[in-house]
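Novice: Encoded as structure tokens, here's the structure I'll be asking about.
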């Protein structure tokens with residue numbers, strides 16, 4: 001199997017590449033070749049024994065997608081995106097990367113499909129930002145997409161394109177709406193949701209963290225480990241039972257910020273919680289106030305997708321995977 005991963009240098013991309021390289025498998029299928037692409041050259045995957053191509057390319061350039069498809073990858077995993085906060089601040093950049101780059105990719109696959117009968121599995125990382133207010137406390141699988149950010153709008157458009165291109169037989173597409181991935185390792189990014197990780201990651205490392213929203217804010221979360229599981233399952237599952245609606249909201253944990261902090265207290269104590277400093281940010285509060293909170297993810301669960309069962313589990317996964325199992 002040849003797997004193309006676009007956005008391989010990002011946090012989720014690195015985790016996904018690492019999972020493949022450790023065993024040389026994607027699910028139960030052997031991977032002989034990896035093509036890793038990002039705006040910066042992705043890292044060499046440790047331990048992978050197959051062929052690896054690493055490329056630093058701009059997906060918003062029309063010439064990029066045909067280049068990536070020259071070797072006809074069997075599975076394409078599209079993770080590349082301008083994150084929510086940056087897409088809101090830079091309108092042109094957000095649409096260029098998140099929409100135009102994705103459309104170029106889809107259409108390049110279409111052109112090869114029309115000429116050669118090519119039909120790869122294509123997994124697109126979407127977002128719960130495709131939903132907008134007014135919203136119920138729990139969004140079900142048929143709730144209307146009505147995004148209230150540029151990022152959410154870009155993701156919603158790409159979901160519809162993926163569904164139509166799949167209907168036409170150009171590729172076998174799956175769009176998975178990722179929860180906010182928490183706890184993200186490494187340095188903060190420009191995502192409006194970044195503080196959800198920061199208020200846990202920094203105190204666990206003995207550093208101060210800024211909380212820009214009230215602790216009553218609730219949100220939908222899953223760990224990086226769960227995100228890798230979502231991608232793996234979407235790339236290898238039997239898509240027959242999915243039917244026409246190819247965009248799925250992934251399972252997760254609903255928690256308020258106060259519940260996140262209490263989970264941190266139970267695991268790391270009052271000293272860690274004391275490192276969180278409230279500093280309201282009106283822009284972040286405005287963006288987050290238009291985000292959905294809870295979800296009923298019966299379709300995804302019935303199709304075999306799984307996430308954590310508690311926020312304590314999310315924190316302990318971070319400690320195990322990023323801190324060597326020790327505080």
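The values are calculated or read from the model by the stated rules, or taken from the named source; none is laboratory data. Because the structure is a prediction, the values reported are computed rather than measured. Cβ placement follows ideal geometry from the backbone for every residue including glycine, while neighbour counts extend to all protein chains displayed.
Novice: Can you name every residue in region 140-185 that is surrounded by 19 or more Cβ atoms within 10 Å (Cβ to Cβ) and more than 21 Å from residue 99 (Cβ to Cβ)?
Specialist: Listed by number, the residues that qualify are 179, 180, 181, 182, 183, 184.
Novice: How many residues does region 114-139 hold that are surrounded by fewer than 21 Cβ atoms within 10 Å (Cβ to Cβ), touching a strand residue (DSSP E or B) at 6+ places or on another chain (Cβ under 8 Å) and over 26 Å from residue 2 (Cα atoms)?
Specialist: So the count comes out to 3.
Novice: Within region 174-195, can one find any residue that is assigned to a helix (DSSP H, G or I), touching a strand residue (DSSP E or B) at 6+ places or on another chain (Cβ under 8 Å), more than 24 Å from residue 302 (Cβ to Cβ) and in contact (Cβ under 8 Å) with a residue 24 or more places away in the chain? Walk me through how you get there before you give the answer.
Specialist: Quick first cut of region 174-195, residues assigned to a helix (DSSP H, G or I) only: 194-195.
Filter again for touching a strand residue (DSSP E or B) at 6+ places or on another chain (Cβ under 8 Å), leaving 195.
Okay, now just the ones that are also more than 24 Å from residue 302 (Cβ to Cβ), so 195.
From what is left, the residues that are in contact (Cβ under 8 Å) with a residue 24 or more places away in the chain are 195.
Yes: one or more hits.
Novice: Go through region 285-308 residue by residue and tally those that are within 21 Å of residue 156 (Cα to Cα), assigned to a helix (DSSP H, G or I) and modelled with pLDDT of 95 or more.
Specialist: Qualifying residue count, region 285-308: 3.
Novice: Moving on. Go through region 216-284 and tell me which helices (runs of 4 or more DSSP H), entirely inside it, have 1 or more residues that are free of Cβ contacts under 8 Å to residues at least 12 places away in the same chain.
Specialist: Working: elements: 224-236, 257-268, 270-273.
Result: 257-268, 270-273.
Novice: Counting only residues that are part of a loop (DSSP other than H, G, I, E, B) and in contact with a helix residue (DSSP H, G or I) (Cβ under 6 Å, 6 or more places away or on another chain), which one in region 1-15 is surrounded by the most Cβ atoms within 10 Å (Cβ to Cβ)?
Specialist: Within region 1-15, the first condition is being part of a loop (DSSP other than H, G, I, E, B), and the residues that meet it are 1, 7-10.
From what's left, in contact with a helix residue (DSSP H, G or I) (Cβ under 6 Å, 6 or more places away or on another chain): 7-8.
Values: 7: 22, 8: 27.
Residue satisfying both the conditions and the ranking: 8.
Novice: Let me ask you something else. In region 201-212, how many are in contact with a strand residue (DSSP E or B) (Cβ under 9 Å, 6 or more places away or on another chain) and over 24 Å from residue 19 (Cα atoms)?
Specialist: Looking only at region 201-212, we keep the residues that are in contact with a strand residue (DSSP E or B) (Cβ under 9 Å, 6 or more places away or on another chain), and these are 201-203, 208-212.
With over 24 Å from residue 19 (Cα atoms) added as a condition, the list becomes 202-203, 208-212.
Residues flagged as in contact with a strand residue (DSSP E or B) (Cβ under 9 Å, 6 or more places away or on another chain) and over 24 Å from residue 19 (Cα atoms) within region 201-212 amount to 7.
Novice: Now for a separate question. Which condition from (1) assigned to a helix (DSSP H, G or I); (2) touching a residue at least 60 places away in the same chain (Cβ under 8 Å); (3) surrounded by fewer than 19 Cβ atoms within 10 Å (Cβ to Cβ); (4) over 21 Å from the mean Cα position of the chain (by Cα) is the one that residue 203 breaks?
Specialist: Single failed check for residue 203: (3).
Novice: Here's something else I'd like to know. Do you know which of the residues in region 123-146 that are assigned to a loop (DSSP other than H, G, I, E, B) and more than 13 Å from residue 247 (Cβ to Cβ) is modelled with the lowest pLDDT?
Specialist: From region 123-146, those assigned to a loop (DSSP other than H, G, I, E, B) are 131-137, 140-146; that's our starting set.
Now drop any that are not more than 13 Å from residue 247 (Cβ to Cβ), which leaves 132-137, 140, 146.
Details: 132: 88, 133: 84, 134: 88, 135: 88, 136: 91, 137: 88, 140: 94, 146: 93.
In this case the residue turns out to be 133.
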